[in-house]
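The structure under discussion appears below in the form of structure tokens.
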Amino acid sequence: MPAQPQEPTPQRFANPLSRYLAATRPAFLSVTLVGCLIGFASAHAGGVALDPVAALLTLLAALLAHAAGNVLNDVHDARSGADDANTERLFPFTGGSRFIQNGVLSEARMARFSHVLLAVVVALGLWLVGQAGTGLLWIGVAGLLLGWAYSAPPLKLVSRGLGEVVIAACWLLVVIGADYVQRGAFTWTPFAAGVSYALLVANLLYVNQFPDHAGDRAAGKRTVVVLFGPESAKWGYFGIALLAYGWLVVQIGRDSLPQATGLAAITILLSFNAARELREHASTPSELGRAIRLTIGAALAHGLILAAALAFDWRA
């Protein structure tokens with residue numbers, strides 16, 4: 001078992017640039033990078049010649065939107081007391097960035113930082129809308145609203161047991177949006193390819209709720225794990241994974257995706273190993289590090305295989 005990384009301290013992040021970068025939890029932004037790659041590959045598979053400038057700005061906007069969401073979530077979890085009450089967290093996977101709790105950045109600075117990030121996202125998004133079409137505007141508005149409603153009052157959807165739904169919807173929008181910027185129109189392919197990936201990303205949120213559930217419960221944050229308890233909620237992980245892989249199989253069977261995208265189903269081995277770990281250790285948060293790492297690996301590998309299969313458009 002690898003040693004758990006140390007939590008951030010003001011001394012470790014004396015440089016302002018590194019401090020604000022680390023506050024976004026950059027390692028987790030990889031799921032957005034992979035989501036964009038799926039969208040770009042989907043457009044390429046449709047015969048679209050990719051615009052590298054638009055692709056780069058799409059990726060930047062998506063990464064900044066994700067970063068803003070991470071920072072905003074830290075702010076609202078600090079205000080609710082959820083992160084303060086979280087004594088069973090598995091840093092860096094759960095319990096937030098700990099920047100506010102450990103005095104690296106104040107709550108007010110984190111809030112202002114999230115607003116700056118969102119302002120840049122809006123500016124980039126409006127430029128992309130001008131290039132790709134107004135359909136992207138609705139994707140962007142939906143994504144920003146979901147990102148805000150995830151943790152901010154009055155909706156606080158993650159506190160109402162709807163966090164997984166929001167996460168799946170947001171990462172599906174990443175795939176669809178990346179495709180739309182290149183294609184300039186809506187089509188079924190990014191939806192067909194994006195759902196399984198988005199569900200596996202949602203499973204990452206799901207497994208992370210188990211170490212956090214005691215703190216969430218104390219703060220009145222009613223996640224699925226808080227609502228049903230770890231021993232009952234652990235079966236939900238299996239359900240989400242089965243839905244993800246089942247969706248992929250159905251879309252290949254309908255010829256909505258190339259046969260080669262079926263290679264992405266090999267990541268079911270990672271997902272089911274994670275599910276087994278969760279089944280055995282759902283009530284022992286300190287033992288869930290491997291389940292979390294396997295879940296991250298399953299999502300990223302699944303998405304990269306999907307993107308590669310679509311990019312090369314291998315067909316049986």
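The values are calculated or read from the model by the stated rules, or taken from the named source; none is laboratory data. Source: prediction; values computed, not measured. With ideal geometry, Cβ positions are generated from the backbone for all residues, glycine too; neighbour counts draw on all protein chains shown.
Considered as a group, the residues in the range 283-306 that are more than 17 Å from the chain's Cα centre (by Cα) and in contact (Cβ under 8 Å) with a residue 12 or more places away in the chain include one that is farthest from GLY229 (Cα to Cα), and that residue is ILE305.
Against the definition (without any contact (Cβ under 8 Å) to a residue 60 or more places away in the chain and within 18 Å of SER159 (Cα to Cα)), how does VAL249 come out, yes or no?
Numbers: without any contact (Cβ under 8 Å) to a residue 60 or more places away in the chain: yes; within 18 Å of SER159 (Cα to Cα): no.
Against the criterion (without any contact (Cβ under 8 Å) to a residue 60 or more places away in the chain and within 18 Å of SER159 (Cα to Cα)), VAL249 does not qualify.
Of all the residues in the range 103-118, those that are in a loop (DSSP other than H, G, I, E, B) and either within 19 Å of PHE28 (Cα to Cα) or without any contact (Cβ under 8 Å) to a residue 60 or more places away in the chain (or both) number 1.
Checking the condition buried (at least 17 other Cβ atoms within 10 Å of the Cβ) and touching a Leu at 6+ places or on another chain (Cβ under 6 Å), which residue from GLY140, GLY163 passes? Please lay out each step first, then the result.
Working: GLY140 fails: touching a Leu at 6+ places or on another chain (Cβ under 6 Å).
Only one candidate passes the filter, namely GLY163.
Just one of the numbered conditions (1) buried (at least 22 other Cβ atoms within 10 Å of the Cβ); (2) in contact (Cβ under 8 Å) with a residue 40 or more places away in the chain is not true of ILE100: (2). Within the range 261-316, the residues that satisfy the criterion of being at pLDDT below 95 and hydrophobic (A, V, I, L, M, F, W, C) are ALA311, PHE312, TRP314, ALA316.
So is ARG112 within 12 Å of GLU7 (Cβ to Cβ), surrounded by fewer than 23 Cβ atoms within 10 Å (Cβ to Cβ) and charged (D, E, K, R) or not? No; evaluated as a whole, the condition is false for this residue.
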